[in-house]
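Nothing in this text is a laboratory measurement; each read-out follows from the coordinates by a stated rule. If you're wondering where the values come from, they're calculated on a predicted model, not measured in any experiment. Methodologically, a virtual Cβ is constructed for each residue, glycine included, from the backbone with ideal geometry; neighbour enumeration extends over all protein chains shown.
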C-alpha cells in the first residue's frame with residue numbers, strides 16, 4: 001500500500017521555465033508480414049503510416065509537460081522524423097536555452 005502522506009513529497013519538480021527546443025526521432029516497427037528482402041529495403045526509410053507524426057509529437061509534448069518544462073507553450077522549436085527501424089523506440093533530445 002502506498003503511503004498517501006508521501007504523495008505530495010514525491011511529485012516531480014519542473015526542470016525549466018524558459019524556451020525549449022525538442023528533437024524527436026520516432027523509430028517505428030517494421031510490419032512482420034514483409035519479406036526479408038522488403039524489410040531490408042525499408043529499414044531507415046520514411047514511415048508514412050499511422051500514427052501521424054503530429055499526433056506522436058503532441059503526445060510526447062504533453063507527457064513532458066510539468067516534468068521537463070513548466071508548460072508545452074515554452075516549446076519554440078520542434079524537429080521530428082518518423083522512420084522504419086528493426087529496433088523501434090522514440091528518441092527525444094531536449095535543449096533548454
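Please arrange 61, 56 by how many other C-beta atoms lie within 10 Å of their C-beta, fewest to most.
Listing 61, 56 from fewest to most nearby Cβ atoms yields 56, 61.
For 37, 21, 82, what's the fewest-to-most ordering of other Cβ within 10 Å of each Cβ?
Going from sparsest to densest Cβ surroundings: 37, 21, 82.
Arranged by the count of other C-beta atoms within 10 angstrom, fewest first, what order do 81, 22 take?
Least crowded to most crowded, the residues run 81, 22.
Compute the distribution of all C-alpha to C-alpha distances in the range 12-96, in bins of 10 Å from 0, and list the percent of pairs in each, rounded to whole numbers.
17, 43, 24, 13, 4
Give me the number: length gained by fully extending residue 48 to residue 87, i.e. 0.36 nm times residue separation minus the C-alpha to C-alpha distance, one decimal in nm.
My answer for the length gained is 12.3 nm.
Suppose each label sits 7 Å from its Cα in the direction of the beta carbon; what would the residue 16-residue 41 distance come out to in nanometres?
Here the answer is 4.2 nm between the modelled labels.
Considering only DSSP beta bridges where both residues belong to the range 12-96, give the percentage that are antiparallel (nearest 5).
45
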